[in-house]
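Q: My questions will all concern the structure given below.
The values are calculated or read from the model by the stated rules, or taken from the named source; none is laboratory data. Here the structure is a predicted model, which means the values were calculated and not measured. Because the Cβ atoms are built from the backbone with ideal geometry, glycine has one as well, and the counts that use them run over all protein chains shown. Remember, those area values only see protein heavy atoms, side chains included, never the ligands or the DNA or RNA. Shrake-Rupley method; radii C 1.70, N 1.55, O 1.52, S 1.80 Å.
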Amino acid sequence: MPKTLSFEKIQDGLKTKLFGKYLFFAREVSSTNDWAKELAELGAPEGTVAIAETQTAGRGRLGRKWHSPRGGLWFSVILKPNIKQSEAVHLVFLTSLAVAETLREIYGLKAETKWPNDVLVDGCKVCGILSEMKTVGEEVEYVIIGIGVNVNLDVEKEFPKELWQRATSIQKALGKKISLEELFKALLEKMESLYQIFLKEGFTPILEKWKGLASFLGCEVEVHGDGERLEGTALNIDDEGALILRLRDGSVRRVFVGDLSIKMKR
Ligand code: BT5
């Protein structure tokens, strides 16, 4: 299975109507989120996708580095839903759900969703999502959903040592390489079908499915964010995407941003 992406193969047989109808492909870019933003500013329609074989400046949240060697899927989707700025976080949940469901259905992997923006396999990060948006007042003009999936990658060879315990790849989990193009098309198809549900029925059905794949709920967790470290039990996710945490002293907090690590499984 090659590490290179074939532009013909990522379009061939794609069953979506909206996602990937306009598809931009490059061997190398700085960040597909930056590229998609440029395209959105030029008037690219909803569903436009920018995908690259490698990124030289792939980003995570808070400007953190996202390692993007050849063999992964690094792409960004432009969405223009009629929602408020505070609701844009729903699209991150929708996307991690799409990735987790796809990895389960096609490859039989026990993929899990983790607050706020991860998909885990074997307790390690296999996918990260970065959403960025442009707003006009309270309304969203467009959202860029950036998706990074570690696919045909040798974690120990291609990632720095500090990620060996925290990151995984589909290759590592399955013990073999898979078709990048097939996974990409399946992801777009799943995202599109969940997006239709989201537009018709709102966030509730998405969140319910997401929670069904979130094994950290009910666990002892640690959350780093906004300059503080919180410890407690992850009780729930509310309809604004906030983590509901019961702290050691029994009080309950809603947490909107942060990095969560699981201390003890249920
Ligand atoms: C994320 O940030 O998880 C969002 C990642 C989004 C990447 C996509 S790729 C396409 C699009 N274009 C971009 O430039 N970005 C998006 P965060 O939760 O902040 O996690 C970042 C942290 O994950 C880093 O600080 C590392 O510790 C770790 N990390 C970096 N590269 C990784 C990788 N490939 N796999 C797993 N973990 C990684």
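Q: Kindly provide the set of residues from region 154-197 that are touching a His at 6+ places or on another chain (Cβ under 9 Å) and farther than 23 Å from L260 by Cα, ordered by number.
A: The one that is touching a His at 6+ places or on another chain (Cβ under 9 Å) and farther than 23 Å from L260 by Cα: E158.
Q: Any residue in region 110-135 that is at positive phi sitting within a Cβ distance under 8 Å of a residue that is in a strand (DSSP E or B) and more than 8 Å from the ligand (Cβ to nearest atom)? List the pairs, counting only those 6 or more apart or interchain.
A: G123/I262
Q: When only residues in region 98-133 that are assigned to a loop (DSSP other than H, G, I, E, B) and away from the ligand (no atom under 11 Å from the Cβ) count, which is most open to solvent (accessible area, probe 1.4 Å)?
A: Per the stated criteria, the residue is K110.
Q: Same structure, new question: Does L91 meet the test of being surrounded by 24 or more Cβ atoms within 10 Å (Cβ to Cβ) and not hydroxyl-bearing (S, T, Y)?
A: yes
Q: Would you pick out the residues in region 141-188 that are part of a helix (DSSP H, G or I), more than 8 Å from the ligand (Cβ to nearest atom) and open to solvent by 50 Å² or more (accessible area, probe 1.4 Å)?
A: If the condition is that a residue be part of a helix (DSSP H, G or I), more than 8 Å from the ligand (Cβ to nearest atom) and open to solvent by 50 Å² or more (accessible area, probe 1.4 Å), then E156, K157, E158, K161, K172, L174, E182 are the ones that fit.
Let's see how each residue does on (1) in contact with a Lys or Arg (Cβ under 7 Å, 6 or more places away or on another chain); (2) among the hydroxyl-bearing types (S, T, Y); (3) under 18 Å from L260 (Cα atoms):
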{"residue": "W35", "(1), (2), (3)": "no, no, no"}
{"residue": "E41", "(1), (2), (3)": "no, no, no"}
{"residue": "V49", "(1), (2), (3)": "no, no, no"}
{"residue": "Q55", "(1), (2), (3)": "no, no, no"}
{"residue": "R70", "(1), (2), (3)": "yes, no, no"}
{"residue": "E105", "(1), (2), (3)": "no, no, no"}
{"residue": "G128", "(1), (2), (3)": "no, no, yes"}
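Q: Sticking with this structure for a sec: I want to confirm something. Restricting to region 136-152 and keeping residues that are aliphatic (A, V, I, L, M) and in contact with a strand residue (DSSP E or B) (Cβ under 6 Å, 6 or more places away or on another chain), which single residue is farthest from E46 (Cα to Cα)?
A: This residue is V151.
Q: Quick one: K200 ticks every box in (1) exposed (fewer than 14 other Cβ atoms within 10 Å of the Cβ); (2) in a loop (DSSP other than H, G, I, E, B) bar one, so which box is it?
A: Only one criterion in (1) exposed (fewer than 14 other Cβ atoms within 10 Å of the Cβ); (2) in a loop (DSSP other than H, G, I, E, B) is unmet by K200, namely (2).
Q: Another question, then. Going through L207, L247, L183, L230 one at a time, which residue ends up being within 27 Å of I83 (Cα to Cα) and either modelled with pLDDT of 95 or more or out of contact with any strand residue (DSSP E or B) (no Cβ under 8 Å at 6 or more places or on another chain) (or both)?
A: Within the list L207, L247, L183, L230, the selection yields L207.
Q: Restricted to region 3-36, and to residues that are closer than 22 Å to E141 by Cβ and among the aliphatic types (A, V, I, L, M), which residue is surrounded by the most Cβ atoms within 10 Å (Cβ to Cβ)?
A: The qualifying residue surrounded by the most Cβ atoms within 10 Å (Cβ to Cβ) is A36.
Q: So, T4, is that one under 20 Å from L94 (Cα atoms) and among the β-branched types (V, I, T) or not?
A: no
Q: Let me spell it out: the conditions are (1) within 30 Å of G227 (Cβ to Cβ); (2) of a type in the set (A, V, I, L, M); (3) within 13 Å of the ligand (Cβ to nearest atom), and L91 meets all of them except one. Which number is the exception?
A: Among (1) within 30 Å of G227 (Cβ to Cβ); (2) of a type in the set (A, V, I, L, M); (3) within 13 Å of the ligand (Cβ to nearest atom), the lone unmet condition for L91 is (3).
Q: Go through region 64-88 residue by residue and tally those that are surrounded by fewer than 24 Cβ atoms within 10 Å (Cβ to Cβ) and farther than 30 Å from E156 by Cα.
A: 10
Q: Also, quick follow-up: Being over 12 Å from the mean Cα position of the chain (by Cα), within 14 Å of the ligand (Cβ to nearest atom) and touching a residue at least 40 places away in the same chain (Cβ under 8 Å): is that true of G60 here?
A: It is false that G60 is over 12 Å from the mean Cα position of the chain (by Cα), within 14 Å of the ligand (Cβ to nearest atom) and touching a residue at least 40 places away in the same chain (Cβ under 8 Å).
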